[in-house]
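First up is the structure itself, then whatever we jot down about it.
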Amino acid sequence: MGSRTASKDIITLRGSAAIVSEFFGYAANSILYNRGIYPEESFTKVKKYGLPMLLTQDEGVKSFLAGLTSQLTEWLEAGKLQRVVLVIMSKATSEVLERWNFSIETDAEVVEKGVIKEKSDKEIMREIQAIMRQIASSITYLPCLDEPCVFDVLAYTDKDVAVPFTWIESDAKLIKDPQMVKLHSFDTKIHKVDTLVSYKNDDWDEQ
């Protein structure tokens with residue numbers, strides 16, 4: 001009788017950090033596309049997470065996001081990243097219209113002792129797929145952005161983290177009395193990412 005062992009999907013801290021930072025890159029691209037921040041023709045279609053995804057071809061945005069994901073990887077591997085927020089603002093007034101909030105919980109034991117975890121790639125991909133589908137359908141539940149907009153990214157880190165000179169201190173860019181929609185989360189067993197979008201409540205303005 002032949003012996004068989006079940007194959008296991010091992011997740012290391014470095015592997016998990018790579019999954020999470022790559023997710024941010026694709027999520028940011030999807031938000032910028034689906035919220036119409038850049039023209040449709042400036043994106044190209046690729047296959048990722050078993051879904052058609054869109055990536056910007058704008059050199060400035062590509063460079064910004066590449067630098068962002070590289071820095072996020074470093075902070076994730078150190079267990080120092082608590083949250084990333086993609087903020088959409090009015091180009092004319094800088095008023096904050098939307099905040100895409102990605103909260104991160106890191107397994108401290110993995111960072112401190114280097115233990116490894118197990119979770120199948122397929123399971124992680126399914127969880128990420130669910131978030132990407134919600135971002136893609138955001139046009140159905142978020143107010144129309146009917147003015148030119150710009151975006152920025154905020155990173156919340158531990159206080160003792162070294163911050164590169166390309167990053168500057170910022171206020172939280174909050175929205176007064178926002179509406180909120182909680183999206184799906186995903187978990188690599190080392191990093192858990194919870195997603196929430198908050199947006200300007202136009203009803204409040206009319207009161």
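The values are calculated or read from the model by the stated rules, or taken from the named source; none is laboratory data. The model shown is predicted, which means the values in this text are computed figures rather than measured ones. Cβ placement follows ideal geometry from the backbone for every residue including glycine, while neighbour counts extend to all protein chains displayed. Note: areas computed on protein heavy atoms with side chains; ligands, DNA, RNA excluded. Shrake-Rupley method; radii C 1.70, N 1.55, O 1.52, S 1.80 Å.
By how many degrees, between 0 and 90 and to the nearest 10, does the Cα long axis of helix 59-77 differ from the longest principal axis of the chain? The angle comes out at about 50 degrees. What range in the chain is the longest one free of chymotrypsin sites (Phe, Trp or Tyr not before Pro) that are in a loop by DSSP and have at most 16 other Cβ atoms within 10 angstrom? My reading of the result: 1-140 is the longest stretch. Note that segment 9-199 shows a convex hull volume over its alpha carbon atoms of 120 Å³ per residue. Partner aspartates and glutamates whose Cα lies under 17 Å from the Cα of residue 182, excluding those fewer than 8 positions away in the same chain, are identified as 98, 105, 127, 194. The residues of segment 136-203 have, on average, 62 Å² of accessible surface per residue, using a 1.4 Å probe with all protein chains present.
Toward the positive end of the charge dipole of the chain, about the Cα centre and with charges on Cβ (Lys, Arg +1; Asp, Glu -1), which of 30, 190, 93 goes farthest? Result: 190, furthest along the dipole toward the positive end. Taking the accessible area of the chain, probe 1.4 Å, and keeping the other protein chains in place, the carbon and sulfur fraction comes to 51%.
The Cα center of segment 57-128 and the Cα center of segment 21-38 differ in position by 12 Å. Need one word for segment 51-132: rounded, prolate or oblate. Basis is the Cα gyration tensor (sqrt eigenvalues a ≥ b ≥ c); a/c below 1.5 gives rounded, then a/b vs b/c decides. It comes out prolate by the Cα gyration axes. Against the chain, whose longest principal axis is taken from its Cα atoms, helix 13-34 shows a tilt of about 30°.
Considering only Cα-Cα distances, which of the following residue pairs are longer than 26 Å: 62/91; 80/189; 48/200; 113/159; 91/200; 62/176?
Pairs exceeding 26 Å: 48/200; 62/176.
For segment 55-132, report the accessible area per residue in Å² (1.4 Å probe, heavy atoms, rounded to an integer). List each step's numbers first, then the result.
On the way: 3770 Å² over 78 residues.
Counting only protein heavy atoms, the per-residue value for segment 55-132 is 48 Å².
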